[in-house]
Amino acid sequence: MSYAVVGQWNGGFQADVRVTAGSAPIRGWTVRWTYANGQTVAQSWSATITSSGSSVTATNVAYNGSLGAGASTTFGLIGSWTGSNTAPTPTCTATT
C-alpha cells in the first residue's frame, strides 16, 4: 500500500492511496493513518473517509472492495494543511 501527495498548493493538497491485495483475494479493506501536522481531509473519491482529530479511516466503496490476489485499486482525497505536509504511514486491514 502507498500514500503519495500528487499535488500541493498553498494550504491544500491532493493525495492518492493505492491498496494492493496480498497473495489471496479480499472482499474489502480499511486504511487508517494519522496526520502529524494538522492536515484535514475535505473530500474524497473511491473511498468513504471519516476522521476524528488527526486520525483518518478510509473504507472501500461497493465497486472497489473485492480484489483478486495481487490486484490493486486507488482512492484519492483533497485536504488542507498548515506549516508542513508530511505524508503519513498508513496501515491496511483486509476483509477476506
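Throughout, read-outs are computed from the coordinates displayed, never taken from laboratory work. Here the structure is a predicted model, which is why all the values come from computation and not from measurement. Cβ: placed from backbone, ideal geometry, glycine included. Neighbour counts: every protein chain shown.
Using the count of nearby Cβ atoms within 10 Å as a rough guide to exposure, how do 29, 81, 45, 9 rank from fewest to most?
Placing the least packed residue first, the sequence is 9, 45, 81, 29.
Where does each of 56, 6, 19, 41 land when they are ranked from fewest to most other beta-carbon atoms within 10 angstrom?
Fewest-to-most Cβ neighbours within 10 Å comes out as 6, 41, 56, 19.
Would you please calculate the Kirkwood hydrodynamic radius of the chain over all C-alpha pairs and express it in Å, rounded to one decimal?
Value: 13.5 Å, from the Cα pair sum.
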